[in-house]
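Everything on this sheet refers to the single structure shown next.
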Amino acid sequence: MSVGHYENFPVASRLVPARYRAAIVAIYRFARATDDIVDEGDANAATRLASLDEYGQALDAIERGETPALLADLAHAIRGHALPVAPFRDLLSAFAQDVTVQRYATFADVVDYCRRSADPIGRLLLALYHVDAPADFVASDAICTALQLTNFWQDVASDYRRGRVYIPQEDLIRFGISEAQIAEGRADEKWRALAAFETSRTRAMLHAGRPLTHSLPLRLGLELKAIMAGGLRVLDRIDAARGDVFNAPPRLRTRDWIAVAYRTIVPRRIAASG
């Protein structure tokens, strides 16, 4: 993909009209840079939080009409397209939470995290495309949260090595799974049941957001369909592996992107009957 932290989802592809690409790249650079502050290197918590605060101060400068060197391209995108600043602050809030919170008691807690770590990207893109119907906001949030959850389910092992568990504690308890099992990378029947449960409700979220693809101009709708198809393909691969994301975390390859392209171009009813 062009820019973005999660390799399975294309960003700013050629489907997006040229007039939007620079702004989209600026948005994703902000998200990636601030996310990397939390995930990369060996800095302590105080240093990471201080670095995130620098980005917060740069956002303050943009709101004052300035162009901070740290976020010059983003400042131009915000002013050029009248983008709201609040979603960027939500992203910073979520990434700061990653520094201080490593476990989530309930699925609602995880969704609240996604509301600030993923949904702002969708809201910013809707603002960029001048789409502002309440139903479209709901659909966008469903898609963005589902994509974030998809990354959680495929990255269980790497997140655990960073000290984080995004699987809700209530789900671990429900399926009788301890964190020791995650540490061992043991995909037994209980784990497979948990994985199937998580992929099922995540897939339902993605499908719930599908009406948004019809609210966007053709090329932008195709871009969104491609992103959604990529998420669905990852979920399919998790299911095909019976939830074993420890030995072979799902990463999309050429044949997968061929399937994604098919899902994007061919209407669902035709694909289902073929």
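Just so it is clear, none of the values below were taken in a lab; they were calculated from the coordinates. Quick caveat: nothing in here was measured; it's all calculated off a predicted structure. Ideal geometry is used to build each Cβ from the backbone, glycine not excepted, and the neighbour counts take in all protein chains shown.
Miscellaneous remarks
- Site-free segments of the chain were taken between trypsin sites (Lys or Arg not before Pro) in DSSP loops having at most 10 other Cβ atoms within 10 Å, sites themselves excluded; the longest one is 65-252.
- Tail weight of P(r) past 14 Å, computed on alpha-carbon pairs of region 82-128, percent: 51
- Separation between Cα centres of region 139-154 and region 37-97, rounded to whole Å: 22
- From the C-alpha gyration tensor of the chain, square roots of 5λ in Å: 30, 26, 15
- Spin-label pair Asp73/Ala208, simplified geometry with 7 Å Cα→Cβ offset, distance in nm: 3.4
- Of Asp36, Asp244, Asp98, the one that fluctuates the most in a GNM where the chain has Cα springs shorter than 10 Å: Asp36
- Computed helical MRE - 222 nm, the chain, DSSP H runs ≥ 4 contributing -39500 (n - 2.57), nearest 500: -22000 deg cm²/dmol
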